[in-house]
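Below: the structure, in structure tokens.
The values are calculated or read from the model by the stated rules, or taken from the named source; none is laboratory data. Source: prediction; values computed, not measured. With ideal geometry, Cβ positions are generated from the backbone for all residues, glycine too; neighbour counts draw on all protein chains shown. With ligands, DNA and RNA removed, areas are computed over all heavy atoms of the protein, side chains included. Shrake-Rupley method; radii C 1.70, N 1.55, O 1.52, S 1.80 Å.
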Amino acid sequence: KDAADDAILLPTDTAQVEFLQSLGWQVDAAPVETLDMRLPDTWDEEWTAYGKMQAEQGLPFTDFAGATVRRITYSVTNYPHIPDGVQANLYLAGEQLIGGDIIFTGQGGFQTDLRFPAES
């Protein structure tokens, strides 16, 4: 069985939203932003750390160095204790999910993997 068998395919906005919901996230149905971007040919320290986080989630982000990918950003509405400003990013190569993160851009901002946080 090869890695392609494990590929998560998210061909539509609906599929992307349902994927995020399956992880426990509630998101607005329409993306905030869709951006096509070319990944670097070689990973600097920041991208290497990001790739490691993706590998820990079982996503093949680092296999796509130099590729043009699409980043789709959704507004998260149910992050514990942070009502506004949290977003979910999904990175797609074609229809395949290759990476994703949850990001908060406000004060005390953070970037983390797609796992829904445990309530503390």
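Scanning the stretch 4-13 for residues that are open to solvent by 80 Å² or more (accessible area, probe 1.4 Å) and either aliphatic (A, V, I, L, M) or at pLDDT 95 or above (or both) yields a count of 1. Put simply, of 16, 21, 54, 87 the only residue that is at pLDDT 95 or above, polar (S, T, N, Q) and assigned to a strand (DSSP E or B) is 87. Looking at 76, 32, 17 in this structure, which one is hydrophobic (A, V, I, L, M, F, W, C), free of Cβ contacts under 8 Å to residues at least 60 places away in the same chain, over 18 Å from residue 96 (Cβ atoms) and open to solvent by less than 60 Å² (accessible area, probe 1.4 Å)? So the residue among 76, 32, 17 that is hydrophobic (A, V, I, L, M, F, W, C), free of Cβ contacts under 8 Å to residues at least 60 places away in the same chain, over 18 Å from residue 96 (Cβ atoms) and open to solvent by less than 60 Å² (accessible area, probe 1.4 Å) is 76.
As for the stretch 36-57, it holds no residue that is open to solvent by 30 Å² or more (accessible area, probe 1.4 Å), under 13 Å from the mean Cα position of the chain (by Cα) and more than 22 Å from residue 118 (Cα to Cα).
Annotation: of all residues in the stretch 81-101 being in contact with a Pro (Cβ under 9 Å, 6 or more places away or on another chain) and free of Cβ contacts under 8 Å to residues at least 40 places away in the same chain, the one that is nearest to residue 117 (Cα to Cα) is 93.
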